[in-house]
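Data block below; observations after.
Since every read-out is calculated from the coordinates, none of them should be taken as a lab result. None of the values given here were measured: they were computed from a predicted structure. Cβ atoms come from the backbone with ideal geometry, glycine included; neighbour counts cover every protein chain shown.
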Amino acid sequence: MSWRRKEYERDRGRQRRTVGRKWLAMRHVVLVEEPVCMICGRKASTQVDHKIPLCKGGTDTRDNLQGVCDECHNEKTAKDLGIKPPPNKIGLDGYPIPKGDRTNGTNEKECGV
Ligand SMILES: [Zn+2]
């Protein structure tokens, strides 16, 4: 029986991101069930976030997913990857520069090693 156990553990160690229709269906379920951002609780959910990032052993199962807004997703992703978000900059006119201008436009980041 020991060989069976070995096979099983080897398979468990492989982490794959769910893609295609299966992921879209899962994403839809999350956004319908959690229409309001689970982090700030104010904005509409537009992203599906992995509570535990895939690169840290998280899975694509429903209990590891949550609906979040763009802003919170970007901040959480940066935090998960160990990137410090730049502080709110103040423009010459005395008003803070909008958050959207701080990011470089990439949304879906993979864990950099
Ligand atoms: Zn939010």
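Quick check for me: using +1 on Lys/Arg Cβ and -1 on Asp/Glu Cβ, what's the dipole size of the range 15-101 about its Cα centre, in debye to the nearest 20? Don't skip to the answer; put the middle values down first.
Working: 15 positive and 11 negative charges, 69 e Å.
Rounded to the nearest 20 debye, it is 320 debye.
Take the alpha carbon atoms of the range 15-101, find their radius of gyration, then divide it by 2.2 N^0.38 Å using N residues; give the quotient. Could the numbers behind the result be given before it?
Working: Rg = 15.1 Å, N = 87, 2.2 N^0.38 = 12.0 Å.
Compared with the compact-globule rule of thumb, the range 15-101 sits at 1.26.
Asp63 to Asp93: FRET efficiency via 1/(1 + (r/R0)^6), r the Cβ-Cβ distance, R0 35 Å, to the nearest 0.05? Please list the in-between numbers first.
Values: r = 46 Å, r/R0 = 1.30.
Here the calculated transfer efficiency is 0.15.
Quick check for the range 15-101: number of Lys pairs with alpha-carbon distance under 28 Å, counting only pairs 8 or more apart or on different chains?
Going through the range 15-101 pair by pair, I get 27.
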